[in-house]
1. Calculate the translational D of segment 81-220 in whole µm² s⁻¹ from Stokes-Einstein, where the hydrodynamic radius comes from the Kirkwood formula applied to all Cα pairs, the temperature is 20 °C and the viscosity 1.002 mPa s.
2. In 10 Å bins starting at zero, report the fraction of Cα pairs in segment 324-413 per bin as a rounded %.
3. Write down the radius of gyration of the chain and its Dmax, each obtained from C-alpha positions, in Å.
4. Mind jotting down the distance between the C-alpha centroids of segment 417-475 and segment 292-367, whole Å?
5. Within the chain, what percent of beta bridges assigned by DSSP are antiparallel, to the nearest 5?
6. Relative to the longest principal axis of the C-alpha atoms of the chain, give the angle of the C-alpha long axis of helix 188-202, reported between 0 and 90° and rounded to the nearest 10°.
7. Using the number of other C-beta atoms within 10 angstrom as an exposure proxy, rank 101, 379 with the fewest first.
8. How big is segment 404-463 in terms of Cα radius of gyration and Dmax, in angstroms?
C-alpha cells in the first residue's frame, strides 16, 4: 500500500472522533493534478526516444515518476475521437458502455456518476480549465471551471490542403490573424498555465485536498505557436517518418478518406514536404505547451503542496501526422492510439518504466483509489496503483475500435486489425516491426496466429458489448 493511502487508512480506523476524525483525515489525502494533452502521440517526447523534439519539462516528469510505455485509447464511436476518449475518462466506462450514456452525460453527472463528482464526495476541491468536449456541464462538474474550451480552436479555410510546396503557403502558425489558439489575444496554452498558477496561489494556505483537471487544446490543429518555437525546428532538421506513405490503401473503407476533416489538412497524395511542415508545426506547439507545463510544475512547487501531490500526464489519443499516409487519429495504428502516460507521486519509482498494457482512462479509478473512494460498479477501467506495486495488468490484450469500420486486438507481440467494410485483416509483428509496415495476414506461416487473434478479438467484442460483425474478414 502506498504511504499516503496507508496514512489515511490508519487515521480513519484509529481515530476515536467519528466524523470529525474522518474530516481531519481528508487533510492527509493527496492532491491530484491531471494534465491532459490533445492529439499527442507517444513518440513526441524527447525522454521517450524522439531526439528531434524539445520537451524538457515533460522529460522532467518522466524522470520524477513512472512511464507507462503501453498506454492506449480504447477507441471511438465518433470521428471526434476526443469525445469518446474524454467520456470514457470521466465516466470510467469502456467505449460502447460510455457511448450508451454519452447523450445523457449531464444526468450521469447530476447523479454523481462522474469523475469529479466522486472526488467532491471525498472532500476534494475541484478545479478545471481548458478543453472539455463532454456533454456534461463543466461548470457544474467542478467547483471552479475557467475558460472552458470547445473541441478545437477555429480552423480557417487557409489551414487546409497545405502546404502545396515551398513558398506557396498562405497560412502561418504564428500569425494571430488566423485566430484559432490566438482567439482572445492570449494563446490558449498560456491561458491554461495562467489559471493553474492562480489556483496554486489560492491554495497555499488551505489544507483541503484538491483535484485539478488541466486540459490543453494543444497540440490539436490548428497547430499554432509563437514564431520563436517554430524557429527552433528548421525544416531541414525534421525527419520524414519511416512509415511515411503517399496514400493509405484502405483509407476510404476505414473511414479516414478524403472527406474526413483531419485528412483534409494536407494535400492528397501526401508529399514529403507537406508532412515535414506539419511535423515542424506539431513539434513547435508541443514545445510551447511543454514550457507552460514547466510553469505549472514550478508554481506547484512554490505553493508548498508538491510533496503531497500526485501528477498524471497523458493525452486523449495520438495522431498520424503523415505516418501510413494519414494525418488524423481515426485509425488503430499505434501512432494514433498509443499515448504517453506519466505517473508521479509519493513512493512512485523515479525514472521507472512499466511496459504492461493499460488504457489512459485507468487514471480515473487510480485517483479514486488515492482519494479513498471505493470503485463504483459501473467503472470498468482499472487502477494503476497495483501495477506500480509490481502486480500484473488485468488486460491480457488491448482492444481497439473506430466507428463500425475498424477493430483491433494487440498482444505483447502482435496486432491484428480488421476492416469490416473491406472484409480484410492486417497482422503486424509489433516486436519485429514497431512501425507496422509489413502486413503478415496473408503469410501461410502466420495463419494460426491470425485465427487465434481473430477468435480473441471476437471474444473481446462480446465483453465490450460490441455488435459489429467481422464476418468475411477471416479468409
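Every number in this text was worked out from the coordinates using simple rules, so none of it is lab data. Predicted model, so just to flag it, every value in this text is computed and none were measured. Here the Cβ positions follow ideal geometry from the backbone for every residue, glycine too, while neighbour counts run over all protein chains shown.
1. Working: Rh = 16.9 Å.
For the chosen part, D equals 127 µm²/s.
2. 13, 42, 32, 13, 1
3. 22.1, 75
4. 28
5. On the way: 24 of 55 bridges.
Antiparallel bridges: around 45 percent, rounded to the nearest 5.
6. 10
7. Numbers: 101 17, 379 21.
Going from sparsest to densest Cβ surroundings: 101, 379.
8. 11.0, 30
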